[in-house]
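So the structure is just underneath, and the comments pick up after that.
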Amino acid sequence: MDNNKDILKCDCTTIHQDIVDSVRSNMPSEENLYDIAELFKVFGDTTRIKIICALFEAEMCVCDIANLLNMTQSAISHQLRVLKQARLVKYRRDGKIVYYSLDDEHIKHIFNLGLAHINEE
């Protein structure tokens with residue numbers, strides 16, 4: 001299929017300035033848009049998505065997550081560090097064990113919206 005036929009475009013160059021101005025005034029700041037893009041990049045890795053799914057079900061330590069996903073503890077620790085920096089997971093220490101959990105309910109909501117979107121027909 002020809003990609004030029006997939007996207008329809010105007011046959012003119014009219015600018016609807018009132019619409020452009022209205023949309024511009026309601027756009028989030030550049031900094032917020034950058035931060036949102038960075039957040040979605042974190043969701044762009046299958047291993048991190050698997051970790052998030054696991055943490056929906058239970059608080060887990062690195063050893064348990066590594067066993068569940070059949071990966072090394074080092075690989076899981078690296079991904080948890082990324083998730084923690086993005087404020088998607090938090091941890092608590094219990095003696096020698098560090099347990100990870102989702103930072104808040106927003107993460108589950110974001111994930112579920114994405115899942116609902118890809119399951120649409």
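Grab the other residues whose beta carbon is less than 11 angstrom from that of Tyr99, score K and R as +1, D and E as -1, and report the net. Mind dumping the intermediate values first?
Values: positive: Lys90, Arg92, Arg93; negative: Glu59, Asp64, Asp94.
My count for the surroundings of Tyr99 gives 0.
Ordering Val23, Thr46, Cys63 by the projection of their Cα atoms onto the charge dipole of the chain, which places +1 on the Cβ of Lys and Arg and -1 on the Cβ of Asp and Glu, puts Cys63 at the extreme positive end.
To test your reading of the geometry: what angle, between 0 and 90 degrees and rounded to tens, separates the Cα axis of helix 73-85 from the longest principal axis of the chain? Tilt of helix 73-85: around 50 degrees. Note on the chain: Lys pairs 8 or more places apart or on different chains, Cα atoms under 26 Å apart, count 11. Applying 1/(1 + (r/R0)^6) with R0 = 22 Å to the Cβ-Cβ distance of Ile49 and Ala75, what FRET efficiency is obtained, to the nearest 0.05? According to the calculation, E is roughly 0.95.
Projecting label points 7 angstrom from Cα along Cα→Cβ for Ile19 and Glu59 puts them 5.1 nm apart. For the Cα atoms of the chain, what angle does the longest principal axis make with the long axis of helix 30-42, in degrees from 0 to 90, nearest 10? Helix 30-42 sits at roughly 50 degrees to that axis.
Could you give the size of the charge dipole of the chain about its Cα centre, using +1 on the Cβ of each K and R and -1 on the Cβ of each D and E, expressed in debye and rounded to the nearest 20? List each step's numbers first, then the result.
Details: 14 positive and 19 negative charges, 154 e Å.
That gives the chain a dipole magnitude of about 740 debye.
Using the average count of surrounding beta-carbon atoms within 10 Å as a protection proxy, the listed peptides 47-59, 67-79 rank, highest first, as 47-59, 67-79. Of the trypsin sites (Lys or Arg not before Pro) found in the range 52-121, those in coil by DSSP whose Cβ has at most 15 other Cβ atoms within 10 Å are Arg87, Lys96. Net charge in the neighbourhood of Gly114 (other residues with Cβ under 12 Å of its Cβ; Lys, Arg +1, Asp, Glu -1) is 0.
Label-to-label distance, Met27 versus Glu121, with points set 7 angstrom from Cα along the beta-carbon direction: 3.8 nm.
Please report the equivalent ellipsoid semi-axes of the chain, computed as sqrt(5 x eigenvalue) of the Cα gyration tensor, largest first, in whole Å. Don't skip to the answer; put the middle values down first.
Values: eigenvalues 317, 68, 31 Å².
Taking √(5λ) for each Cα gyration eigenvalue gives 40, 18, 12 Å.
Each value in this text was obtained by applying a stated rule to the coordinates, not by laboratory testing. Predicted model only: the values in this text are computed from it and were never measured. Cβ atoms come from the backbone with ideal geometry, glycine included; neighbour counts cover every protein chain shown.
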